[in-house]
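Participant: Supplied in structure tokens, the structure appears directly below.
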Amino acid sequence: MNAAALPVPMRLLPDSAAVASDGTLELGGCRVDDLAARHGTPLFVYDEEHLRSRCREAVAAFGADRVIYASKAFLCTAMARLAHDEGLLLDVATGGELFVARKAGVPAERLVMHGNNKSLDELKMALTSGADTQARPGVRHVVVDSFDEIDRLELLRRRGFPRPRIQVRVTPGVHAHTHDYIATGQDDSKFGFNLANGDAARAVERLLVGDFAEVVGLHCHIGSNVFAVDSFAKAADVMARFASRFDLPELTLGGGLGVAYTHDEEAPTIGSWGSVLLDACRAMNVKANVFVEPGRAIVASAAITVYRVGTVKDIPGVRRYVSVDGGMSDNPRPVLYGSGYEAFGVASVAAERPDAARIVGKHCESGDVLIFEAQLPKGLKVGDLVATPVTGAYGYVMASNYNKMPRPAVVFVSKGESRVVVRRETYDDLVRLDVD
Ligand SMILES: *Cc1c(COP(=O)(O)O)cnc(C)c1O
């Protein structure tokens, strides 16, 4: 049989996935059909223990206070608290992400400020956040991305703002094998200071000479959803060589570890990523403390999205279209990057999937596709629940209100309990910002 028609591989599902005696999927000890009945669809369901276990795996691999969760992958109050509870620092890339993390109770000194175009206001926020509660004001460090940003930091210091700790983001010239939109380490990039043309060295030197900031380290991030660990080793090697010129106490090697989305993909574990990175650093005699910034690898496979089938349309000789009650508004990745996903029937998670179909959403776009070539259990029909695994990263955070679709609810499940961590939007929410 076509491998895609086999049952969905359980390894793509959250750790706590189990099959009830009637064949229905359970997560965190909760029946997923009950969750859908209770919380509606589309619904993001996160396995809380799975999230915690990936945080712990990262801390075990890299050490306490060396793992910075890239919050853009999935951020809400509950997630910020969970990552903080597990001893991770948090990377925030905008004033909005900083606000949410602080509002969740994460101390500023546990935050790292990122972004290739931080505004003066965002920098002020990063430099003064937590001033009332911690010995030293501001976020743990700011990752500086451009000469314009260095100008802004110098200006703020002249105006009496606190002196920030700085890591300098370097573009190491390593092209990660991933989608072009999420490759960031190559020379042609909007991120960081180019290593090859000397900008990176000029940035570090300027910061070291001026005394408006304390340079504590260097940073790189070569891209996202990278499967080839040798790309990470190559970047570590290039960065270690460059870092040896400055003797700084910290080196951040970014995030970007890939995850398997489909039956034919296999990703390295966080533990093996850790071995490769730390071995490369040891081989280069790196003395600095090594930090990493995983996002996707922590959250992606912790969640599934549950939809209800509303329409099944057979076009003989062409294909079958299965329309669900969400689409590009809750998962734009297939449209943005052509990303692949699997689907399965919630009532028959262990069943073979002989029926081919295209799973589409309900938006007014032909491009509103969730899965171009899906395999589904036999006879999936209107009213049935269908789910896509591995939607925990860059899913809800990229959700939109296109076609005035209220954004879905997000629930965490654990030990037989479910709790809503982001409520479903209502129609009233859709006019909340309208002024008459
Ligand atoms: C997005 C991003 C990450 C996390 O990437 P993942 O692929 O989700 O691990 C880490 N660091 C920086 C600077 C990023 O922009």
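Participant: Chymotrypsin sites (Phe, Trp or Tyr not before Pro), restricted to the stretch 342-436: which are DSSP loop and have at most 11 other Cβ atoms within 10 Å?
Facilitator: Counting only loop positions with at most 11 other Cβ atoms within 10 Å, the chymotrypsin sites (Phe, Trp or Tyr not before Pro) in the stretch 342-436 are 427.
Participant: So, one more: Cross-link list 124/190; 190/404; 313/404; 124/287; 190/234: which exceed 27 angstrom alpha carbon to alpha carbon?
Facilitator: Cα-Cα > 27 Å for 190/404; 124/287; rest within.
Participant: Continuing with this model, one more query. Along the positive direction of the dipole of the chain (beta-carbon charges: Lys, Arg +1; Asp, Glu -1; about the Cα centre), which of 261, 226, 385 reaches farthest?
Facilitator: About the Cα centre, the residue reaching furthest to the positive side is 226.
Participant: Here's something else I'd like to know. I'd like the per residue volume of the convex hull spanned by the Cα atoms of the chain, given in cubic angstrom.
Facilitator: Dividing the Cα hull volume of the chain by its residues yields 156 Å³.
Participant: Can you list the aspartates and glutamates whose alpha carbon sits under 13 Å from that of residue 118, skipping same-chain ones fewer than 8 residues off?
Facilitator: Within reach: 97, 145, 148, 149, 151.
Participant: By DSSP, what percent of the beta bridges with both residues in the chain are antiparallel, rounded to the nearest 5?
Facilitator: 50 percent
Participant: Give me the net charge of residue 249's neighbourhood, meaning all other residues with Cβ under 14 Å from the Cβ of residue 249; Lys, Arg count +1, Asp, Glu -1.
Facilitator: Residues near residue 249 contribute 0 overall.
Participant: Order of 32-39, 94-101 by packing, highest average Cβ count within 10 Å first?
Facilitator: Descending packing order for the listed peptides: 94-101, 32-39.
Participant: Mean separation of Cα pairs under 8 Å and 6+ residues apart, divided by the residue count of the chain: what relative contact order is that in percent?
Facilitator: 21 percent
Participant: Just add up the charged neighbours of residue 416: K/R +1, D/E -1, any other residue whose Cβ is under 13 Å from the Cβ of residue 416.
Facilitator: Computed value for this residue: -3.
Participant: Give the Kirkwood hydrodynamic radius (Å, one decimal) of the stretch 166-216, defined as one over the mean of 1/r across all pairs of different Cα atoms.
Facilitator: 11.8 Å
Participant: Per residue of the stretch 232-238, what does 6.51 cos²θ - 1.76 cosθ + 1.60 with θ = phi - 60° give for ³J(HN,Hα)? Whole Hz please, x for Gly and Pro, Karplus curve as stated.
Facilitator: 5, 5, 5, 5, 4, 5, 4
Participant: Same structure again: State the Cα centre-to-centre distance between the stretch 287-312 and the stretch 1-47 in whole Å.
Facilitator: Distance between centres, Cα-based: 16 Å.
Participant: Rounded to the nearest 20 debye, what is the charge dipole size of the stretch 48-297 about its Cα centre when +1 sits on each Lys and Arg Cβ and -1 on each Asp and Glu Cβ?
Facilitator: The calculation lands at about 800 debye.
Participant: Moving on to the next point. Can you tell me how much longer the chain between residue 284 and residue 265 gets when fully stretched, taken as 0.36 nm per residue apart minus their C-alpha distance, in nm with one decimal?
Facilitator: Working it through step by step, the gained length comes to 3.7 nm.
Participant: Starting from the Cα of residue 315, step 7 Å along the direction of its Cβ; do the same at residue 177; then give the gap between the two resulting points in nm.
Facilitator: Each label point lies 7 Å from its Cα, and together they span 3.5 nm.
No value in this document is a laboratory result; all are computed from the given coordinates. If you're wondering where the values come from, they're calculated on a predicted model, not measured in any experiment. Ideal geometry is used to build each Cβ from the backbone, glycine not excepted, and the neighbour counts take in all protein chains shown.
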